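These notes are about the structure you will find just below.
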Number of protein chains: 2
Amino acid sequence: MAPATLKDIARELNISVSTVSRALRDSYEINADTKRLVMECAARLHYRPNPIALSLKGASSKAIGVIVPQIANYYFSQAINGIEEVANQRGYDVLIFQTHEAYDREVANLRQALARRVDGLLISLSSETNDVSHLQELQQQGTPIVQFDRVSALLNTPRVVADNFGGAFAATAHLLQSGRRRIAHLTIQPWLSITQERLAGYRAALAHYGVPYEESLVRFGTFGPDEVGPLVDELLALEPRPDAFFTASDRLAVGCLAALRQRRVAIPGDVSLIGFTNLTVADMLAPSLSTVMQPAKQIGQEAVGRLLDLIELKHRAAPPATLTMPTTLVIRESSSWPIDIISK
Amino acid sequence: MAPATLKDIARELNISVSTVSRALRDSYEINADTKRLVMECAARLHYRPNPIALSLKGASSKAIGVIVPQIANYYFSQAINGIEEVANQRGYDVLIFQTHEAYDREVANLRQALARRVDGLLISLSSETNDVSHLQELQQQGTPIVQFDRVSALLNTPRVVADNFGGAFAATAHLLQSGRRRIAHLTIQPWLSITQERLAGYRAALAHYGVPYEESLVRFGTFGPDEVGPLVDELLALEPRPDAFFTASDRLAVGCLAALRQRRVAIPGDVSLIGFTNLTVADMLAPSLSTVMQPAKQIGQEAVGRLLDLIELKHRAAPPATLTMPTTLVIRESSSWPIDIISK
DNA sequence: TTGTATGCGTTATCAC
DNA sequence: GTGATAACGCATACAA
C-alpha cells in the first residue's frame, strides 16, 4: 500500500483536496468539525506530506544538505550525528555529501544538493578549496548556508567552529609548563581557517611564555596518507632536537606517534606529544597521545540549529555571527600504563 | 539564475516541451536536426533533468538509499565510499541513513527513503532487527533491495557479504596452529547473520583440529560501550584460563585489547588476540592486534552494482544470489615493535 | 515527426 | 467555509 495522499483523505471524507490541505495547514477560516475530521483521518491513514511534491511546488523540501570532506573520520561522523539528531527532531531529513577533500567534488556535491532542492546547506570546506565563489553564487540564489569547522571569511554566513586558537594555546602552554622548549608543530594546509587559528594559538602561547617562534619547527602536511614519517625525520634532525610535538589532525597525530615509535623515540620520555584529534580508539590504544578534543557533536547541533532558524524564521537581518565552542585538553602520559607488547 | 528546465530550452528553440523531452531522451525517430539543436542548447544552458520532478512523475529519481547501523565506523564508511563511487559513476545520488542499531530508527529510515522516492535500497540490518516485515512490505511494493554485511535469510534479495565463515575459520586455525588450545570467542548478538557465520567458522576450525567446542568460552556482547571488561574478566577467571581471544567486532577487539592490557595480560605472550575488524589506526597503534580484514569498499561496490542492475535491467528473474567476498587474515604479533611508553 | 493534453502531490488563487 | 483550477518539471498516450 502506497503512502496516503491528500487525495486519499479527500475521497475518504467526500470533500475536496484543497479543503483537506487547508485543514492540515491553515488553522483559520475553516470549519472546526471538518478540521477535526481531517486530522483524525490523516492520523488514521498515517498521512505524511510528500516532501518531493512540496519541493517541486517550490516550497520547503524538508531536507538540508551537509557537505563534509569525508565521513570516515571520527570528527565529522560525530558532527553528522549531532546534525541528524537536531534536524530529525525538527522534521528535516539530512542529505550527506562527501568531497573527499577535492574542490571538484565539492562543486559537484553542491549541484546535487541544489538539484535535490535542499532548504539549506551546512558545509565544512574541502582542504583544496580556496575559492568560494560557487558557494557565494548559491547564497545569492537565496539558499541559507552555515559553515562549520573549516570555514572561509570570504563567505558571509554564520559560522560554528571549535576554539582552535584556545585549544592550540592550551596544548602549547601545557607543553611549555612541563618544561618543553622546542615544540614542533605538524599541521595541515596553511590556507585553512583551522590551520591558521591553531598556528596563531601556538605562537601566542610561545610569546606568552617568552619562547621565540622558530619557523623551521612548523611543517605543513596534507590529509594524504603516509607522508608523516619524512616530516618527523626532518624535525628530529634539527639541532637541537625538538622535545615535543603538537600535531593538528587525527592522521598526523597517529602518524607522528607511529613514526616516533618506529624511530624508538620515547614518549613522553624523550618528547611529549599532543594532537588536535577526536580519535576515541586513542583513549584505549595510545596512552601517551594527549589530545585537544573538539566537541564535534555539539558543533554539529549548533550549526544545524542556526541553519534551521535561518530557514524557518529567515533571520537574514541578524548579522552572521561566529560561534566558538570550547575545546578540552586531555592529557594522557601516564607511564604507569601497561604496555602493548610484553615478549617473554 | 535558476537551473534550466525543458521549458527554457523549448522557449529558446520555439518548439514544444515534449519535443525537447523526446530529443534528449532519444525515444523514437526524431528529426536529426531538431535533436542536434536541442542537445546543443541543453549543453549551452547546462541543462540537468530535475530528479525531483522525475520522482514525482513516478519514474526514476536517480537516487538510492543506503541504510547502515552507523557511519562512525570504519567498515561502513568504507563501504559507503565504495557505494558512492559506483553509484555516482552510473549517475545516481546516494542518500545515507543511520539506524544507530535501533529497530525503530530503521523503520523510520525506511519511511524517509520511501518518501524521497529512492529507486532502490541497500541495507545492512541493525543489531536490534530480527523482524524484517517492514522490508518485505517495501519489497512487495516493488522497490529493489540488496542486503549487505548483516543480512537476513527471511528477506529474499541478493546479498553481498564478507566470508565470515572463512575468516573465522582462518583466524581460529591460525591460533590453533600456533599452539593455542583454549580460544575464547567474544562476539555480538547471536541472531545476526555475521555472528552465526563467524561462530560456525570458529567451531568448524576447532572440529577440524580435533579440539572440543566449549560453550563457556563463547560470550555474546553488544555494540554498546564498555561492557567488554567484565566479559574479559569472566573469561580470564575460567580454569584453565583461555590462551587466546578471537573477537567479532572493532569495538570488542579494541575493548578486549585494552582490558587485557589493564589486567597486565601479555600479548602475545600470555594470550593471542585476533579481531574481526577494519580499524586502520590499529595498524599503527596496536601492533599486537591481529585482524581479519573485510573488503569493505569492494563489498559496497558489488552491492550497489547488483542494486543498480536490478533497478535498470529489472533482472528480477535471476535468482537472488549471495556473493561472498574473501577476507584477509593479517597477523600482527611482532614482539620487536617499539613499545608505546618508555618511562625513564 | 511534432504538438497537445494529462497526471504525479501539493499549495495558492480564484470563484462559489 | 469550501470547491475547482492552475502551476511546479517532466514523461507519455494520443492527436495531428
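The values are calculated or read from the model by the stated rules, or taken from the named source; none is laboratory data. On a predicted model such as this, the values are computed, not experimentally measured, just so you know. As a convention, Cβ positions derive from the backbone with ideal geometry for all residues, glycine included, and neighbour counts pool all protein chains shown.
Any residue at all in region A:70-81 that's modelled with pLDDT of 95 or more and more than 14 Å from the chain's Cα centre (by Cα)? No, that holds for no residue. Is there a residue in region B:60-70 that is surrounded by fewer than 23 Cβ atoms within 10 Å (Cβ to Cβ), within 11 Å of chain A (Cβ to nearest Cβ) and under 26 Å from B:Q294 (Cα atoms)? Looking through region B:60-70, at least one residue is surrounded by fewer than 23 Cβ atoms within 10 Å (Cβ to Cβ), within 11 Å of chain A (Cβ to nearest Cβ) and under 26 Å from B:Q294 (Cα atoms). Scanning region B:310-344 for residues that are at pLDDT below 60 and within 14 Å of another protein chain (Cβ to nearest Cβ) turns up B:S334, B:S335, B:S336, B:W337, B:P338, B:I339, B:D340, B:I341, B:I342, B:S343, B:K344.
Report, by residue number, each residue of region A:1-34 that is more than 30 Å from B:S133 (Cβ to Cβ) and away from DNA strand D (no atom under 11 Å from the Cβ). Within region A:1-34, A:R25, A:S27 qualify. Among the residues of region B:1-41, just one is surrounded by 17 or more Cβ atoms within 10 Å (Cβ to Cβ), under 23 Å from A:L54 (Cβ atoms) and within 12 Å of DNA strand C (Cβ to nearest atom), namely B:L6. Could you tell me which residue of region A:94-109 is nearest to A:I299 (Cα to Cα), considering only residues that are without any contact (Cβ under 8 Å) to a residue 60 or more places away in the chain and surrounded by fewer than 23 Cβ atoms within 10 Å (Cβ to Cβ)? Only one residue tops the list, namely A:H100. Screening region A:132-165 for residues that are among the charged types (D, E, K, R) and out of contact with any helix residue (DSSP H, G or I) (no Cβ under 8 Å at 6 or more places or on another chain) and picking the one that is farthest from A:T195 (Cα to Cα) gives A:E137. Taken together, the residues in region B:220-274 that are within 14 Å of chain A (Cβ to nearest Cβ), β-branched (V, I, T) and not in a strand (DSSP E or B) amount to 5.
For region A:102-131, what are the residues that are assigned to a loop (DSSP other than H, G, I, E, B) and either of a type in the set (S, T, Y) or within 14 Å of chain B (Cβ to nearest Cβ) (or both)?
Residues satisfying the conditions are A:A102, A:R116, A:R117, A:V118, A:D119, A:S124, A:S126, A:S127, A:T129.
For (1) part of a strand (DSSP E or B); (2) within 13 Å of DNA strand C (Cβ to nearest atom); (3) in contact with a Lys or Arg (Cβ under 7 Å, 6 or more places away or on another chain); (4) within 30 Å of B:S126 (Cβ to Cβ), each residue gets a yes or a no:
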site	(1), (2), (3), (4)
B:R48	no, no, no, no
B:I52	no, yes, yes, yes
B:Q78	no, no, yes, yes
B:V86	no, no, no, yes
B:F97	yes, no, no, yes
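For region A:126-144, the set of residues classified as under 30 Å from B:S55 (Cα atoms) and either in contact (Cβ under 8 Å) with a residue 60 or more places away in the chain or crowded, with 23+ Cβ neighbours inside 10 Å (or both) consists of A:L135, A:P144, listed by residue number. Residues considered: B:F148, B:F165. Of these, the only one that is free of Cβ contacts under 8 Å to residues at least 40 places away in the same chain and among the aromatic types (F, W, Y) is B:F165. Scanning region A:275-299 for residues that are surrounded by 21 or more Cβ atoms within 10 Å (Cβ to Cβ), part of a loop (DSSP other than H, G, I, E, B) and within 11 Å of chain B (Cβ to nearest Cβ) turns up A:T277, A:N278, A:L279, A:A286, A:P287, A:S288, A:L289.
Against the list (1) of a type in the set (D, E); (2) at negative phi; (3) surrounded by fewer than 21 Cβ atoms within 10 Å (Cβ to Cβ), the condition B:E84 fails is (3). Taking residues in region B:182-210 that are more than 22 Å from B:D149 (Cβ to Cβ), and partners anywhere that are outside any helix (DSSP H, G or I) and among the aromatic types (F, W, Y), the pairs with Cβ atoms closer than 8 Å and at least 6 places apart or on different chains are B:I183/B:F245; B:I183/B:F246; B:A184/B:F245; B:A184/B:F246; B:L206/B:Y213; B:A207/B:Y213.
Confirm whether B:R44 is closer than 25 Å to B:L307 by Cα, exposed (fewer than 12 other Cβ atoms within 10 Å of the Cβ) and away from chain A (no Cβ under 12 Å). No.
Evaluated against (1) among the aliphatic types (A, V, I, L, M); (2) at the interface with another protein chain (Cβ under 8 Å from one of its Cβ atoms); (3) within 16 Å of DNA strand D (Cβ to nearest atom), A:L54 falls short on exactly one condition, (2).
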